[in-house]
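Read through the structure below, which is laid out as structure tokens, and then see the notes.
The values are calculated or read from the model by the stated rules, or taken from the named source; none is laboratory data. All values derive from a computational prediction rather than experimental measurement. Heads up, the Cβs are rebuilt from the backbone with ideal geometry, glycines too, and the neighbour counts pull from every protein chain shown. Remember, those area values only see protein heavy atoms, side chains included, never the ligands or the DNA or RNA. Shrake-Rupley method; radii C 1.70, N 1.55, O 1.52, S 1.80 Å.
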Amino acid sequence: MQTPTDKAAVLVEALPYIRRFVDKTIVIKYGGSAMSEPELRASFAVDVVLLKYIGLRPVIVHGGGPQIGATLARLGRTSTFVDGRRVTDDETMEVVEMVLGGKLNREIVALVQQAGGRAMGLTGSDGDMLRVEARDPELGRVGRVVHVNPAAIRAATDAGFVPVIAPVGVDARGVTHNVNADEAAGAIAIALGAEKLILLTDVEGVLDGAGRLIHQLAVEEARKQIAEGVIRGGMIPKIECCVTALEGGVASTHVIDGRMRHAILLEIFTDGGVGTLIRR
């Protein structure tokens, strides 16, 4: 059991990080177990509100793939994937917008506000925030981000709100497209000049060949491990997202375990962190 002195030591350890990151933007990609399990949802909301109250500027970009799939299944529609991306025809896109921009977005806004913060729900189509182009005709309305207009996000943070953003973008004709949430979070982090991009996952972080957590990883080493097959599967696009963000000016990127309560606070405000820090 922690003594009062132990608890004070935790606060003292956090102090230099609080001082360093005050008024800095932290973009958090929210998804996976952290988004579906009630205890983790509450823990996530508390972390975000604490970040806001100690002077940071958290921005949430959320996923929702499993929820979209479940809704499509209830409607009797089968989800089809190509290279891990959902084929999105017009009817599927209606469901994507309903789930991401409607139900899930409102739920996350409510979570933050129940934890004592103020949140504002947005989608990437608001204020022409996420401009996209079609990724592949075979995928239908799946977009690749080509430009970010961060005006709506900055207006929300300047007014004291935590922006909660659904990854839906628009093309040059104003047609909405489904966007990968990691990609959207990375592009938004670059546009905002964010201090950190944090990706919540359902694993500890980046693992080495023996299955051990890698606490820090430089960009060149990450590329080497991808080439050698040490980093593989679904972790590759996450690492590529982090590398792109770093090359775009984001100061640091993190892949952390969203299944751990208060993982965001532990990663940002402790010396050792709990996930993988990917740096230039």
Checked segment 127-138 for anything within 16 Å of L192 (Cα to Cα) and surrounded by fewer than 21 Cβ atoms within 10 Å (Cβ to Cβ); matches are G127, D128, R131
Please determine, by comparing only the residues of segment 178-207 that are open to solvent by less than 40 Å² (accessible area, probe 1.4 Å) and in a strand (DSSP E or B), which one is farthest from K29 (Cα to Cα). N178
So, in segment 32-42, of the ones that are buried (at least 20 other Cβ atoms within 10 Å of the Cβ) and out of contact with any helix residue (DSSP H, G or I) (no Cβ under 6 Å at 6 or more places or on another chain), which residue ends up modelled with the highest pLDDT? M35
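Condition check ((1) in a helix (DSSP H, G or I); (2) under 13 Å from L199 (Cβ atoms); (3) not β-branched (V, I, T)) across all residues:
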position	(1), (2), (3)
I226	yes, no, no
G229	no, no, yes
G233	no, no, yes
P237	yes, yes, yes
T244	yes, yes, no
H254	no, yes, yes
E267	yes, yes, yes
D271	no, no, yes
Would it be correct to say that D83 is acidic (D, E) and touching a residue at least 12 places away in the same chain (Cβ under 8 Å)? no
Suppose we filter V12, V27, V22 for residues that are of a type in the set (A, V, I, L, M), surrounded by fewer than 11 Cβ atoms within 10 Å (Cβ to Cβ) and on the phi < 0 side of the Ramachandran plot; which single one remains? V12
Screening A222, A210 for residues that are assigned to a loop (DSSP other than H, G, I, E, B), more than 16 Å from the chain's Cα centre (by Cα), hydrophobic (A, V, I, L, M, F, W, C) and farther than 28 Å from L11 by Cβ leaves only A210
Report yes if some residue within segment 114-123 is modelled with pLDDT of 95 or more, within 25 Å of G233 (Cβ to Cβ), under 18 Å from the mean Cα position of the chain (by Cα) and not acidic (D, E); otherwise report no. no
Considering segment 103-126 alone, what residues qualify as being farther than 30 Å from H262 by Cα and surrounded by fewer than 15 Cβ atoms within 10 Å (Cβ to Cβ)? none
Tally up the residues in segment 139-172 that are open to solvent by less than 20 Å² (accessible area, probe 1.4 Å), free of Cβ contacts under 8 Å to residues at least 40 places away in the same chain and in contact with a Lys or Arg (Cβ under 9 Å, 6 or more places away or on another chain), please. 1
